[in-house]
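Note sheet for the following structure.
The values are calculated or read from the model by the stated rules, or taken from the named source; none is laboratory data. Fair warning: this is a prediction, and the values are worked out from it, not measured in the lab. As a convention, Cβ positions derive from the backbone with ideal geometry for all residues, glycine included, and neighbour counts pool all protein chains shown.
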Amino acid sequence: MKKINGYVAAPFTPMKENGDLNLDLIPKYADFLVRNGVDGAFVCGSTGEGALLTREERMAVAEKWVETSDEKLKVIVHTGGTNLRDQQALAAHAEKIGAFAVSAMAPAFLPPKRNEEFVAYCKAVADAAPSLPFYYYHIPPLNGFNMSVVDLLKAVDGVIPNFAGVKFTNLNMFEFEQCRYVADSKFEMLWGFDEMYLDSLAFGNSAGVGGTYNHCYSLYKDMTAAYAIKDMDKCRALQHQSHQFCEILGKYRGNLSGGKRMMKFMGLDCGPNRLPLQTISDNEEIQMKNDLEAIGFFEFCNR
């Protein structure tokens, strides 16, 4: 089974002022990510507001990313939602258009209660795209679902042939470390909590999916290089810059709202958010840019 073996940005979904998709921006967005050194794009996930898009819109976004990436980016299509049939259709479509992999989070409404149900759910989505790697997207801080990932991995081994690993966005480093040793370490663990990137390196992380890779991937790339030569002072300094940036994100309603508007400062105006997410106002944008200048963001941001 193919593995990602690299670092994947979770792109925002570009929208026009009337709320329609702005697919024309995606080729420029893909070139931007390639230029800044990331290995792939995790499309229509949390950052991409996937759960707020229609099935047809999600398919259109996935098609455009695969078409324009020209194999320079590994495109992982997130199918997660509450409607299993839609998820299966999205997974089958991802396979048809030539995506690299598919991924799904557990439904936030009527979630599985037992591990058997959890396994069956993952299998139903994974089986819809049998030739593609399947990654479970674990993000309890957002969807509130926090069943044991260790138990899931033990149960899917030999049951879901294309189960490749987990996008792990949680603070539980103990669980993350345990997962890395299930089934002789066959499952790829993608770290997804940018604020604790350095911690993940200490536990052997060599792959990840990050929302802030859109803005400042150089921090994580340089941190990985510094860690390899045991330059811990530089590692801590880089993580501190990430913390400063993430603190500003928090001030402006997080990555989904604040982070999306910040892309405008780097030449990619991704437009408004979908309700119920609140789009950053013009006045907030001015203050946010001032805050970013105060931490030297424009000296280390993606270009």
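Here are a few things to note about the model shown:
- Any hit, the range 144-162, residues being of a type in the set (A, V, I, L, M, F, W, C), closer than 22 Å to residue 76 by Cβ and touching a residue at least 60 places away in the same chain (Cβ under 8 Å): no
- Within the range 154-178, considering residues that are more than 20 Å from residue 129 (Cα to Cα), buried (at least 16 other Cβ atoms within 10 Å of the Cβ) and hydrophobic (A, V, I, L, M, F, W, C), the one nearest to the chain's Cα centre (by Cα): 168
- Among residues of the range 179-215 being aliphatic (A, V, I, L, M) and surrounded by fewer than 24 Cβ atoms within 10 Å (Cβ to Cβ), the one that is nearest to the chain's Cα centre (by Cα) is 207.
- Members of the range 90-104 that are farther than 15 Å from residue 134 by Cβ and either in a strand (DSSP E or B) or in contact with a helix residue (DSSP H, G or I) (Cβ under 8 Å, 6 or more places away or on another chain) (or both): 97, 98
- The strands (runs of 3 or more DSSP E) found entirely in the range 136-255 that carry 3 or more residues being at pLDDT 95 or above are 163-168, 188-191.
- Any hit, the range 172-182, residues being of a type in the set (D, E, K, R) and under 19 Å from residue 5 (Cβ atoms): yes
- Looking across the range 51-68, just one residue is surrounded by 24 or more Cβ atoms within 10 Å (Cβ to Cβ) and small (Gly, Ala, Ser), and that is 62.
- Figure legend. Inter-residue proximity from the range 122-134: first residues charged (D, E, K, R), second residues in a loop (DSSP other than H, G, I, E, B), beta-carbon distance below 6 Å, spacing 6+ or different chains. Indicated pairs: 123/160.
To keep it simple, each residue is scored yes or no on (1) touching a Lys or Arg at 6+ places or on another chain (Cβ under 8 Å); (2) modelled with pLDDT of 95 or more; (3) not hydrophobic (A, V, I, L, M, F, W, C).
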position: 23; (1), (2), (3): yes, yes, no
position: 50; (1), (2), (3): yes, yes, yes
position: 72; (1), (2), (3): no, no, yes
position: 80; (1), (2), (3): no, no, yes
position: 91; (1), (2), (3): no, yes, no
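- Residue in the range 279-287 that is surrounded by 15 or more Cβ atoms within 10 Å (Cβ to Cβ), β-branched (Val, Ile, Thr), assigned to a loop (DSSP other than H, G, I, E, B) and over 21 Å from the mean Cα position of the chain (by Cα) present: yes
- Residue match in the range 101-116 (condition: aromatic (Phe, Trp, Tyr) and modelled with pLDDT of 95 or more): no
- Any chance residue 196 is under 19 Å from residue 33 (Cα atoms), in contact with a helix residue (DSSP H, G or I) (Cβ under 9 Å, 6 or more places away or on another chain) and aliphatic (A, V, I, L, M): no
- Every pair of residues 6+ apart whose Cβ atoms lie under 6 Å, when the first sits in the range 2-22 and is basic (Lys, Arg) while the second is outside any loop (DSSP other than H, G, I, E, B): 3/188
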